[in-house]
1. Report whether or not D:LEU31 is free of Cβ contacts under 8 Å to residues at least 60 places away in the same chain, among the aliphatic types (A, V, I, L, M) and either open to solvent by 30 Å² or more (accessible area, probe 1.4 Å) or away from chain C (no Cβ under 12 Å) (or both).
2. What number of residues within the stretch A:98-109 are crowded, with 19+ Cβ neighbours inside 10 Å, out of contact with any strand residue (DSSP E or B) (no Cβ under 6 Å at 6 or more places or on another chain), of a type outside the set (D, E, K, R) and without any contact (Cβ under 8 Å) to a residue 60 or more places away in the chain?
3. Within the stretch B:23-61, work out how many residues are under 20 Å from A:PHE291 (Cα atoms) and among the hydroxyl-bearing types (Ser, Thr, Tyr).
4. I need a count of the residues in the stretch D:214-231 that are at negative phi and either without any contact (Cβ under 8 Å) to a residue 12 or more places away in the chain or touching a Phe, Trp or Tyr at 6+ places or on another chain (Cβ under 6 Å) (or both).
5. Would you say A:ARG142 is touching a strand residue (DSSP E or B) at 6+ places or on another chain (Cβ under 7 Å) and within 8 Å of another protein chain (Cβ to nearest Cβ)?
6. Out of everything in the stretch D:233-274 that is assigned to a strand (DSSP E or B) and farther than 24 Å from D:ASN302 by Cβ, what residue ends up being nearest to the other protein chains (Cβ to nearest Cβ)?
7. Of the numbered conditions (1) in contact (Cβ under 8 Å) with a residue 40 or more places away in the chain; (2) farther than 24 Å from A:GLN324 by Cβ; (3) open to solvent by less than 50 Å² (accessible area, probe 1.4 Å), A:GLY87 satisfies every one except a single condition; which is it?
There are 4 protein chains.
Amino acid sequence: MIRVGIIGASGYTGAELARLLVNHPGVELTLATSRQYAGKPLARVFPHLAGRTELVCEDPAGLAVAGRADFYFTAVPHQTAMAVVPGLLATGAKVVDLSADFRLHDRQVYEQWYQAHSAPELLAEAVYGLPEIHRAAIAGARLVANPGCYPTSVLLALAPLLKAGCIDPASLIIDAKSGTSGAGRTAQTGTLYCEVTEGFRAYKVGAHRHTPEIEQELSELYGQPLKVTFTPHLVPMSRGMLSTIYADLRGEPDQAELERVVREFYRDEPFVRVLDAGQLPATQHVRGSNFCDLALRVDQRNRRVIVLAAIDNLVKGAAGQAVQNMNLLCGLPEEQGLGQLVPLFP
Amino acid sequence: MIRVGIIGASGYTGAELARLLVNHPGVELTLATSRQYAGKPLARVFPHLAGRTELVCEDPAGLAVAGRADFYFTAVPHQTAMAVVPGLLATGAKVVDLSADFRLHDRQVYEQWYQAHSAPELLAEAVYGLPEIHRAAIAGARLVANPGCYPTSVLLALAPLLKAGCIDPASLIIDAKSGTSGAGRTAQTGTLYCEVTEGFRAYKVGAHRHTPEIEQELSELYGQPLKVTFTPHLVPMSRGMLSTIYADLRGEPDQAELERVVREFYRDEPFVRVLDAGQLPATQHVRGSNFCDLALRVDQRNRRVIVLAAIDNLVKGAAGQAVQNMNLLCGLPEEQGLGQLVPLFP
Amino acid sequence: MIRVGIIGASGYTGAELARLLVNHPGVELTLATSRQYAGKPLARVFPHLAGRTELVCEDPAGLAVAGRADFYFTAVPHQTAMAVVPGLLATGAKVVDLSADFRLHDRQVYEQWYQAHSAPELLAEAVYGLPEIHRAAIAGARLVANPGCYPTSVLLALAPLLKAGCIDPASLIIDAKSGTSGAGRTAQTGTLYCEVTEGFRAYKVGAHRHTPEIEQELSELYGQPLKVTFTPHLVPMSRGMLSTIYADLRGEPDQAELERVVREFYRDEPFVRVLDAGQLPATQHVRGSNFCDLALRVDQRNRRVIVLAAIDNLVKGAAGQAVQNMNLLCGLPEEQGLGQLVPLFP
Amino acid sequence: MIRVGIIGASGYTGAELARLLVNHPGVELTLATSRQYAGKPLARVFPHLAGRTELVCEDPAGLAVAGRADFYFTAVPHQTAMAVVPGLLATGAKVVDLSADFRLHDRQVYEQWYQAHSAPELLAEAVYGLPEIHRAAIAGARLVANPGCYPTSVLLALAPLLKAGCIDPASLIIDAKSGTSGAGRTAQTGTLYCEVTEGFRAYKVGAHRHTPEIEQELSELYGQPLKVTFTPHLVPMSRGMLSTIYADLRGEPDQAELERVVREFYRDEPFVRVLDAGQLPATQHVRGSNFCDLALRVDQRNRRVIVLAAIDNLVKGAAGQAVQNMNLLCGLPEEQGLGQLVPLFP
């Protein structure tokens, strides 16, 4: 039984980790920290967890973590994560960090999009935790940087076609849409119910911090540096993410050929569902699960391909993928604690 | 391994049964019928189930059910159920019927609120499937009538206080609110997204068919006939049900005393969560789970009590309770396939 | 042209006042204050107002209001209102206050439910601004206390039957449901999109501050003190309010008779729509308008009546009613600026 | 007073026309037809209209339209429109048709994307009713083809930049998102509340019938044939449409320069709001109004521009634009009946 701690348990990602871990047969949840709710049972912070966990939130300030857990999830904001992770590693524990702090290999790129980095020595060591691409490296790592939600959907959508050379890397346009839980649980006017419901908008157009992360991984997959245009949008829903990606075709591939490439790439993947011809992904069909649903359409009139990927941003886009990474890091079966998740519809 | 069939798999209740059963360690799903989708994989009708079941819908017309399953859920409309259930029982199988056809013991009452009954001989045999009240009888039954969603929430809310004699049975007023999935998956103008979103309304005020069902069970609990005023409402959400129930107090009980009565009544129940003082139920905290969350408030100014109950109408209000009943009928652990359901929030 | 100022323009009620006033032919909007957004155009705070107003928010602190407007709406929190209103009246202007500060005639009752009152001398003068009940008094007033949203719906629903003696005043139970805009625009975790969507809950059961306001007005209508049980609920929608009210019948009135009483009571009212037999109110049918839709159902089995009232909480429940009061106070046609509002559906 | 008829009043577009026309000072609504609701008051079909219109729906079959109105809106499905419009024109009336039947000038293109055309002789006469582009032609027309909702948002977004030669016409990618009211009021499983809420999906990827309409108009604006990639999506909201459009830049224009081009193009347009720097359109800020909100962002890293346009699909995308066209056709002030529409937020 692996003893697991959640550092930062009072956000939506922390709560989702707890939801998954209380049912995970290979682990025991031994620690949950929250500055705001220190001393309060986690099931009072999140009443849906009542009857499923007795854990009480602890104050991270001055907490002696040594020996409290064998494994940690850090679900704190970027910049906080880089302050916390080295100490956790020092206890001999392994860590999956859900922030952006260890995702970018290049310190300069990180500091250009975020702020100064206080633990740059870990950047080279941290493994980018997208199992479908970096499975082997993850299995041997001590620190895994859990991918952002947008990058997860984009990378899973593009990896097969980009590696197979079917698309022009200079033509990538990503139009992505996210549910509101991606904005977190901090009280802000912009994410109040009344501001979000029955409305749709773009935000941070061409300036979202997931851009360099997407570019780093796509460049590595392609073998040469490439850039993307990336536009995120806010959807009036709590969970779910759909990325619609446009690329110019190389050569004359048709619909069937490209589908074959994608299907072959993911043939053994437990969490990627390549949809049948005629079907398109919908976020409501992956809700609550670790699935990524994929489809593509060739636009022959314009010799482009449109690739669509749907995930639950809190599961495959955050907590579920983090558990998948933990399983790999700890030598547990990759699907453990995740394989029984059937999407909740309606 | 118990072989289980779902008769009527293309509605929301049928889909929810499938969601629960594919993860149930004691059963194998061997049959799913649907007139409309005969020949189509269930996972094409409900894409969220892709990767979790290979079952293909079969046409119920002329189907030889004998030997296809040891146990059946009938998730068809009332009037259809009474035509189907006798044949299923005749194969030697046990049945949990999710329609209203076998819930009322009194044929006359049934025919007054619904229409003529074609299998009245089964009315005496059928057991009303609310495990928290009728556990023993369910365990020995061949046919269980799964309670309606509204009655489930109301009966769980009122049973302790009514049995303990704390409330005046002539004063019961039930103001209940349901998500839209309760209206089913049949295409109707009234349940289109645009008609429901950002709106709230009552319907069938004082005339809903769950009224006699509530009255039958409450009368049995109380030991004398009683009547209730029942008003259902439609909430702009897919899942969830909250019943707010008003009763005049008998004697001078205070908040703590009534809470004690309820807590004691449900002390060993795995699926009823009596909330801590200061908390109130919310449907989002039971979503996707088999929990019923309960709280009460004494209104000392008016010497009334307000009891609140929240369930997921598709789980504890339908498919989850049906699985709970199946477990009892088949001698499986009551929580099997349900105990790992953690509510999905947000 | 009456010059009008909005004190507290950055909440939902303030914005709604602006929406109504920019189209009002008898007034000119000359002042909008906001501590938080001082110096910012109102149409930057609320981009939907772009192109409809050029007003810039002014800091209320130290503002010389004298001469800036002939009429003020105060849309600030209770306790702030009582500090501001006397100064506005002192400039010779008339005021409609949308807070709770001047609704209760009895200072003790106010201080029991809220906190100490710093302008008690105005309590006797302030007129409760429900035009359908107090039209004449409003027309002659200097200060009108605009009713709360819940009381508006409840009082319009009950006034005819209570005055006509058809119902037992000791039996009143009010189960009310409100959209989330009623909770205001202040950033709070509890009203974040993810906390509210697809969920339903009660709050402040038996303890909401609108209770004494409802009781004051109903008691006055009835001629004797009475008390009510009042339970508010939060609906996953931005606008809209439905109150479902239960009362025991006096005598043997039937459905038609009670409908006649209500219809007669409101025969000349421009903003009350008594629905035809067979129809029930729905909040989506009054959205954005100043209408209150009413219906009732006699429950003959229990000799009770259920009265249902739907309003838009921001219009008839706040800003619209405030404009209606302004029209009365200023001698303008009562429907001016409101009569052209057609509900927005879907 | 122009007498106006609505042919096909029982859909969302018909209802929205009624909402706008009952407040239009220059017209009188004299006829509303509906096959399904013949004989029923329009305000019973759409209860939100109660108190605002007394019109009773008439059966269009065998209806003698001659003399019933001076002007008609046809809000019927394509293929029905082409059967109805010639008869209406024959009465001497003018017509704005809201279907697709008269939008494409080229019969072959129409028949390739839709079906055979039964009134091709009108294709040359019909004017494409986008006032910001074709104002003069509309004013002199007898038959106006009201643009589709998607094309309206796309054309308003691209017209200035395309005419000014700032963008590469071979690079246009349109990622558009629509509320569910665009799918109409016909009962269908796919637009039930439970299927749409809390979900997001693309549909008809690369195959939507608005594609040729967009291409026809853009080609005309540009002066040469061009093609676009167009992907529509369904948003869990009733009203609203946002189009996010990607184009490669020509030359080296910067953000300010392109903004200037757009602002100049629309400087006198009453219904196009070019947002200030730093603002982005959101559908909730145009809800219920005839506004189109525009913004753009230059992506210098990739030398692309992203143009964003938000409209209410039922107003500027349908009924509002139709009224704007009627005003032009009938010599009324273009803003009449529309200028007072302030978006409804929240």
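The values are calculated or read from the model by the stated rules, or taken from the named source; none is laboratory data. Bear in mind the structure is a predicted one, so any value in this text is a computation, not a measurement. So basically every Cβ, Gly included, is an ideal-geometry build from the backbone, and we count neighbours across all protein chains shown. Remember, those area values only see protein heavy atoms, side chains included, never the ligands or the DNA or RNA. Shrake-Rupley method; radii C 1.70, N 1.55, O 1.52, S 1.80 Å.
1. Numbers: free of Cβ contacts under 8 Å to residues at least 60 places away in the same chain: yes; among the aliphatic types (A, V, I, L, M): yes; either open to solvent by 30 Å² or more (accessible area, probe 1.4 Å) or away from chain C (no Cβ under 12 Å) (or both): yes.
Judged against the criteria, D:LEU31 is a match.
2. Step one: filter the stretch A:98-109 for residues crowded, with 19+ Cβ neighbours inside 10 Å, giving A:98-104.
Of the ones still in play, those that are also out of contact with any strand residue (DSSP E or B) (no Cβ under 6 Å at 6 or more places or on another chain) are A:98-101, A:104.
Narrowing further to those that are of a type outside the set (D, E, K, R): A:98-100, A:104.
Adding the requirement that they be without any contact (Cβ under 8 Å) to a residue 60 or more places away in the chain leaves A:99.
Total satisfying the criteria: 1.
3. The qualifying residues number 1.
4. Taking the stretch D:214-231 and keeping what is at negative phi, we get D:214-222, D:224-231.
Among the residues that remain, those that are also either without any contact (Cβ under 8 Å) to a residue 12 or more places away in the chain or touching a Phe, Trp or Tyr at 6+ places or on another chain (Cβ under 6 Å) (or both) are: D:219-220, D:225.
Residues flagged as at negative phi and either without any contact (Cβ under 8 Å) to a residue 12 or more places away in the chain or touching a Phe, Trp or Tyr at 6+ places or on another chain (Cβ under 6 Å) (or both) within the stretch D:214-231 amount to 3.
5. Details: touching a strand residue (DSSP E or B) at 6+ places or on another chain (Cβ under 7 Å): yes; within 8 Å of another protein chain (Cβ to nearest Cβ): no.
Spelling it out, it is not the case that A:ARG142 is touching a strand residue (DSSP E or B) at 6+ places or on another chain (Cβ under 7 Å) and within 8 Å of another protein chain (Cβ to nearest Cβ).
6. The first filter runs over the stretch D:233-274 and keeps only residues assigned to a strand (DSSP E or B), leaving D:233-234, D:241-249, D:272-274.
Cutting the leftovers down to farther than 24 Å from D:ASN302 by Cβ gives us D:234, D:241, D:272-273.
Numbers: D:LEU234: 9, D:MET241: 8, D:VAL272: 10, D:ARG273: 5 Å.
Among residues in the stretch D:233-274 that are assigned to a strand (DSSP E or B) and farther than 24 Å from D:ASN302 by Cβ, the one nearest to the other protein chains (Cβ to nearest Cβ) is D:ARG273.
7. All conditions are met except number (1).
Residue-wise test of (1) assigned to a strand (DSSP E or B); (2) farther than 25 Å from D:HIS233 by Cα; (3) not β-branched (Val, Ile, Thr).
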| position | (1), (2), (3) |
| --- | --- |
| A:GLY182 | no, no, yes |
| A:THR186 | no, yes, no |
| A:GLU195 | no, no, yes |
| A:ALA207 | no, no, yes |
| A:GLU215 | no, yes, yes |
